[in-house]
Amino acid sequence: MDQRDVLIERGPLRTTVIGSYPFPGWLEFAVAHADQFGEADLEEMRRDAVLAAVHDQVAAGLDVITDGEQTRYDFNLSFYGRLAGIDATPYSPRNFGPPAHDQRGKYKVTGEIRAEHGLGAVAELQRLRELAPKGPALKASVPGPYTLSGRIEPGGSYSDRWKVTQALLPVVRQELEALVAAGCEEITLDEPSMSCYGHKENPQKFVEIFNETVRSVAGKCRLSTHLCFGNYKGRAVGPRQYAPLFPAFLRLNVDEIHLEMASREFSELECIRQIAEAGIDVAVGIVDVKSYYIETPTDIAKRVRQCLEHAPAARLSFAPDCGLSQTARWAAKQKLANMVAGVHIVRQELGLT
């Protein structure tokens, strides 16, 4: 039995999260006034924020937790501050009017894109290990090169998004390798942009980029990817259809694929069957992070049973549709608690507890 076999044996119907969790209100205030704090103050805030995220996830009863990405700005924007070869000051195409994805900052190319000191995920993992209790599995998340490329305006020797992606690919791969070297057992390579733009791009090209990114770590950790349709201010960014991605995405070199289902009223739920039949686990998004309807445990249990009509329990995990960073903390806490309670109902029905 190789290391991947050991890591996959986590039990059926796991409860997990994608990566991000809401910032505590005080942290948002502190970030806006960061220049008033010393480095010791800032590290204290980082640790306190991770403690809050860990507490909420453990209290909910999750099988797998993260650091809530509390030390990042958004799920990926802080990574750009670690990249050389781009202008560190982002610009927004639009600053006023209804919030939408075109208000997120973009960066201009100034030279060779590289990250001499990594992206910081290893330090995040080490902090999480120090602060998390024994029991739940720990997961790290890293945005993939195609998703990271979306905030960088092509220019210089990078004439299009694909060339920017190719420049970022070794940067991300090195970060994954560093996580594995640090003993990380579970990693999500977050690639929502692939599903957002899968309707107009060649899905096989996405597969090649993804597999090249993970080629040195696949089989050395439990590796998953997250495919959603965008969640900035609770808004999607592309046609919310997985059909254009399959069957090509069955060739992704992953152990698990996370899918956004709850916000889409479980449209295309049948696709989890072909994923499971391909020998890949499925983490079904069973909680709608874009809605302030708080799913009850009964709602969750019903949805779990729907999923079991298409895939076996051994291949299924359950999570929110996306990271919870855009959801108010009070709602996120209750949604996670109810998600775990609903999955537990079905575990009892199946004699899995």
Got a sec to turn the phi values of segment 103-114 into Karplus ³J(HN,Hα) couplings, 6.51 cos²θ - 1.76 cosθ + 1.60 with θ = phi - 60°, whole Hz, x for Gly and Pro?
-> 9, 7, x, 10, 10, 9, 6, 10, x, 6, 7, 7
For segment 304-319, in residue order, the Karplus 3J(HN,Hα) values (coefficients 6.51, -1.76, 1.60; θ = phi - 60°; whole Hz; Gly and Pro = x) are 4, 5, 4, 5, 5, 6, 10, 8, x, 4, 5, 9, 10, 10, 9, 8
Between Ala34, Ala311, Ala283, find the one with the highest GNM mean-square fluctuation for the chain; connect C-alpha pairs within less than 10 Å.
-> Ala34
Nonlocal amide H pairs with Thr15, under 5 Å, H built at 1.01 Å | Asp63, Val64, Phe318
Spin-label pair Lys134/Ser78, simplified geometry with 7 Å Cα→Cβ offset, distance in nm | 2.9 nm
Given the peptides 312-321, 293-302, 340-349, arrange them by the average over their residues of other C-beta atoms within 10 Å, most packed first.
-> 312-321, 340-349, 293-302
Considering the dipole of the chain built from charges on the beta carbon (Lys and Arg +1, Asp and Glu -1) around the Cα centre, which of Pro99, Val171, Ala49 is farthest to its positive end?
-> Pro99
Packing-ranked peptide list from 89-96, 233-240, highest mean Cβ count within 10 angstrom first, is 233-240, 89-96
Using the Cα gyration tensor of segment 111-270, with a ≥ b ≥ c the square roots of its eigenvalues, what is the shape: rounded (a/c below 1.5), prolate (a/b larger than b/c) or oblate (neither)?
-> oblate
Counting every C-alpha pair in segment 228-353, the percent lying more than 18 Å apart is 52 percent
Whole Å is fine, so just give me how far the alpha carbon centre of segment 323-353 lies from that of segment 58-134.
-> 26 Å
Rounded to the nearest 20 debye, dipole of the chain from Cβ charges on Lys, Arg, Asp, Glu | 540 debye
Tally Lys and Arg at +1 and Asp and Glu at -1 over the other residues with C-beta under 12 Å from the C-beta of Pro154: what net charge comes out?
-> +3
Step through the table entries Lys200/Lys220; Lys108/Lys233; Lys139/Lys205; Lys106/Lys233; Lys290/Lys335, compare each Cα-Cα distance with 22 Å, and write down the pairs that go over it.
-> Lys200/Lys220; Lys108/Lys233; Lys139/Lys205
Per-residue [θ]222 nm for the chain (sum of -39500 (n - 2.57) over DSSP H runs n ≥ 4, rounded to 500) | -11500 deg cm²/dmol
What does the highest-first list of 187-194, 155-162 look like by mean Cβ count within 10 Å?
-> 187-194, 155-162
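Every number in this text was worked out from the coordinates using simple rules, so none of it is lab data. All values reported here derive from a predicted model rather than from experimental measurement. Cβ coordinates were reconstructed from backbone atoms using ideal geometry, including for glycine residues, and neighbour counts include every protein chain displayed.
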